[in-house]
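These notes concern the structure reproduced below.
The values are calculated or read from the model by the stated rules, or taken from the named source; none is laboratory data. Computed from a predicted structure; not experimentally measured. Please note: Cβ atoms are built from the backbone with ideal geometry, for glycine as well, and neighbour counts cover all protein chains shown.
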Amino acid sequence: MIKKVKIGNLETIEKVEINKIKYININENIKCDYFLQKLFNCLVKKKSLDIIKYNNNIKRRLFININDYKEYSDEFSSIEIEIKIAHNKYCKFINVKREDEIYYHIYFNSNKEETKRNWIDEKETIKIIKVLIDYPVKSFENLFD
């Protein structure tokens, strides 16, 4: 593309190159539903659901409906527990199994930094504890004993 630029009384000609991004239309390029299903099966479930969220044609071709989204959210959503601490309570507040430690995220007083401990010292003034539990945890047995 050639662009004319006028600076004062002088007129110059500049070459401007525009990088064109080609839009790939999945509906037109992939004719067979079988290949489209294989393509989306290679992706992570969350990513594939995000991609086809707004495209009704692909939803129809892949046989995706609202029940698939509900099933995914039930299976893979994390649980958030907020604990309010009583005054002068300094002890262990949650029991976490060793094999499940990586799935528990503990935050004190709405702090954005995660702590890896499950007890409170006497020197600390903590009012609220937020515990995020990721989806691989299957049991809450003896969590608050």
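Listed values, structure above:
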quantity	calculated
Check on Lys53, modelled with pLDDT of 70 or more, surrounded by 10 or more Cβ atoms within 10 Å (Cβ to Cβ) and not β-branched (Val, Ile, Thr)	yes
Flag for Val131 being in contact with a helix residue (DSSP H, G or I) (Cβ under 6 Å, 6 or more places away or on another chain), without any contact (Cβ under 8 Å) to a residue 60 or more places away in the chain and either on the phi < 0 side of the Ramachandran plot or not acidic (Asp, Glu) (or both)	no
Among residues of region 22-50, those that are surrounded by 12 or more Cβ atoms within 10 Å (Cβ to Cβ), part of a helix (DSSP H, G or I) and modelled with pLDDT of 85 or more, counted	8
Asp100 vs. criteria modelled with pLDDT of 75 or more, in a helix (DSSP H, G or I), under 27 Å from the mean Cα position of the chain (by Cα) and closer than 21 Å to Phe140 by Cβ	yes
Of all residues making up region 84-95, the number that are without any contact (Cβ under 8 Å) to a residue 40 or more places away in the chain and either touching a Cys at 6+ places or on another chain (Cβ under 6 Å) or of a type in the set (A, V, I, L, M) (or both)	1
Subset of region 54-79 (residues that are more than 15 Å from the chain's Cα centre (by Cα) and either in a strand (DSSP E or B) or under 22 Å from Tyr135 (Cα atoms) (or both))	Ile66, Asn67, Asp68, Lys70, Glu71
